[in-house]
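Engineer: The following block contains the structure, expressed as structure tokens.
The values are calculated or read from the model by the stated rules, or taken from the named source; none is laboratory data. Keep in mind that this is a model prediction, so the values were computed, not measured. So basically every Cβ, Gly included, is an ideal-geometry build from the backbone, and we count neighbours across all protein chains shown. Only protein heavy atoms, including side chains, enter the accessible area calculation; ligands, DNA and RNA are left aside. Shrake-Rupley method; radii C 1.70, N 1.55, O 1.52, S 1.80 Å.
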Amino acid sequence: MARPIPLRKRLLVRLLITSVLIAICSVAATAWLAVETTTRAIQEEQGQVLTEDMDILRQLSGYAATHRDWSGVGKTVRALSDRTGRRIALTAPDRTPIADSETRNTALPPRAAAAVDPLHTDTFTEPGAQRTGIDPRAVGPFRLPRAERERVRLLAEKRRACFSNNGVQTRITQMPSGRSVLTDEDGTVDGGQVPTPCADGVLNTPTATEAKALAELNTYAGDCLKHVGGKFPSLFAATVDFTDRSMLTRYVGGKAETGIDTTRDQDKKAQECVDRARRQQLEPYVAPAAELFLGRGDSAVPHFDMSAANKAKVTGVAGLVLALTVAVTVLVATRLVRPLRALTHAAQQPPEQHVRVPVTTQDETGILAVAFNDLADRRERMEAQRKAMVADIAHELRTPLTNIRGWLEVTRDGVVDPDPELLASLHDEAVVLQRVIDDLQDLAAADAGTLRLHREPVRADELLEQVVAAHRVAAEAAGVRLHTAVAASKGSDGSHGLHGSDGSDGTPWLDADPVRMRQALGNLVSNAIRHTPADGTITLSSRRHDDEVVFEVADTGSGIAPEDLPSVFERFWRAEKSRSRRTGGSGLGLSIVRQLVTAHGGTVTVTSELGSGSVFTLRLPDAR
């Protein structure tokens, strides 16, 4: 009885484990892909929302920088809300409503998104507020009237032409105050390096409006600068170059003064004084600080909400996929294992029962079942042949041994004298016994693949002459004539040129063991002599056909019945069952012929008609 298969090695368990691993990997890969995709989408959405938030804050800060109050901001708030789909609300620091895009009376978010104060901005809200924290659009008293704006524009065009004549390309940019300045490709004011002919200082000289605003700024900063210390001019003002940075410029009598004796710390404190004075100066010109609240619009819905319910859904779907995979795997594996178990059960049955299995599928398992049934059929036939062969061998050996034993016993008892005739009879029986044993030995060697061949070039005509010479005496005793015919080549008309037994040029050659080939042809001749009546003829011929050498042994004997032709080369088969082993042969000769020809790489066939004789044909590879 076969040992039980360990659970971990069973096909069903291995298929189940494989499917589970595949399912887990699939679910994990899908989950990872979903998380990565969702995360990227959320990040992109957050980035887009952040950009929208900063744009809203920037536009509202610009509104506050250019208006003294929030009275007309409602239109701007609604326009921004329509464009972004967000709720936008402005309130005073004490939560007093200023403007709200939400038409319904709904509560505001718990915290404000940002504070809108043009005098205290950051670099994310407005790039121009990198140092002072003041929105550059808040210009207040520095805003130029139209006449001054046009005059500065003309001065800028004149200076740009001077720059161009000196190989410096610039463009005119108008700042929020209305002042025109020259910038190069990098955005540097006045092109960085100013050509000497163009350094007249006219464009950068404050206008009357700017001078008045500077004087006012100097008044606001005066008290603070007195506490800074250092040597400062009596008349001090700070101007802005209206680009992306702030600069402190000191004027004495309207002209820049150089060589002022101050330390770095004093300069820093002086800048703080000027920034504080500028906020004080601009405060009446800008809207008061407000709180900005941002939320979702009336029709907006959350794009992604990984709540507990969604987590439960994801977990449930993953579990369902896993359970479905396991169920399908169990079903498929069971259908696959069932025929394999039937094959295993049939293979474990006793050999003599020759059990077959039903073929229920057309797949690989069905093909395996068909092959198993074919193997069982061949094993049954081989078993029957083995039993028949054992019986035949026993019968073949029993007859001569019985005769030898009987004569020896009567001789021992003194009934018969051991005369020469008795000894000759015993010798004949021993020869029959030896012939059977030699034939069985040859067949056993052929079956085991140990039949040795000593190949050498052999002439077909010489081989036939040797076989005829060896059997001439037996043929003459039986009154049978032996003939040979050798064809060198095939003619164009399909006929064969025949040569005598002395051979000639062009005679077929083959690479073979001459002893074994004489044995094979000799067995055929012996068989033909036994089945050919007196005055009959046996013809041995050879010819070359394509790449083969063809031998034929034809007789004019009794022939073989059509139903017996498939069994001619089987062991212990004889056409005439009534013949004795001594006169009819052992029944192994033709089997030996087939084995010897097969060992040479050839084939043997037979054609016969009752009463007309038989023709045995051997086809062997040509030695050319």
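Engineer: Hey, what does the equivalent ellipsoid look like for segment 17-86, semi-axes from the Cα gyration tensor as sqrt of 5 times each eigenvalue, largest first, whole Å?
Structural biologist: 49, 10, 5
Engineer: Per-residue counts of other Cβ atoms within 10 Å, averaged by peptide: what ranking do you get for 332-340, 170-178, highest first?
Structural biologist: Peptide ranking by packing, descending: 170-178, 332-340.
Engineer: At a probe radius of 1.4 Å, what is the per-residue accessible area of residue 168, in Å² to the nearest 10?
Structural biologist: Answer for residue 168: close to 40 Å² accessible.
Engineer: Okay, moving on. I'd like to check one number: the per residue accessible area of segment 510-573, probe 1.4 Å, reported in Å² as a whole number.
Structural biologist: Dividing the accessible area of segment 510-573 by its residue count gives 38 Å².
Engineer: Sticking with this structure for a sec: Per residue Cα convex hull volume for segment 503-552, in cubic angstrom?
Structural biologist: 98
Engineer: A further question follows. How long is the gain from residue 71 to residue 421 if the chain were fully straight, where each residue apart is worth 0.36 nm and the alpha carbon distance is subtracted?
Structural biologist: Extra length available between residue 71 and residue 421 comes to 110.6 nm.
Engineer: In nanometres, what is the gap between the two model label sites at residue 617 and residue 335, each 7 Å from Cα along Cα-to-Cβ?
Structural biologist: 5.1
Engineer: Given R₀ = 60 Å, FRET efficiency for residue 224-residue 28 by Cβ-Cβ distance, to 0.05?
Structural biologist: 0.35
Engineer: Run the numbers for residue 202 and residue 359: contour at 0.36 nm per residue of separation, minus the present Cα-Cα distance, in nm.
Structural biologist: Length difference between fully extended and current span is 45.7 nm.
Engineer: Show me 275-283, 114-122, 477-485 ranked by packing, highest mean number of other Cβ atoms within 10 Å first.
Structural biologist: Highest-to-lowest ranking by the protection proxy: 114-122, 275-283, 477-485.
Engineer: What full-extension length gain, to one decimal in nm, is calculated for residue 394 and residue 478 as 0.36 nm per residue of separation minus the Cα-Cα distance?
Structural biologist: 27.3 nm
Engineer: Taking R0 as 35 Å, what's the FRET efficiency between residue 326 and residue 375 from their Cβ-Cβ distance, rounded to 0.05?
Structural biologist: Once rounded, the FRET efficiency stands at 0.45.
Engineer: Using a Förster distance of 25 angstrom, determine the FRET efficiency expected from the C-beta separation of residue 40 and residue 317, and round it to 0.05.
Structural biologist: Between residue 40 and residue 317 the formula returns 0.70.
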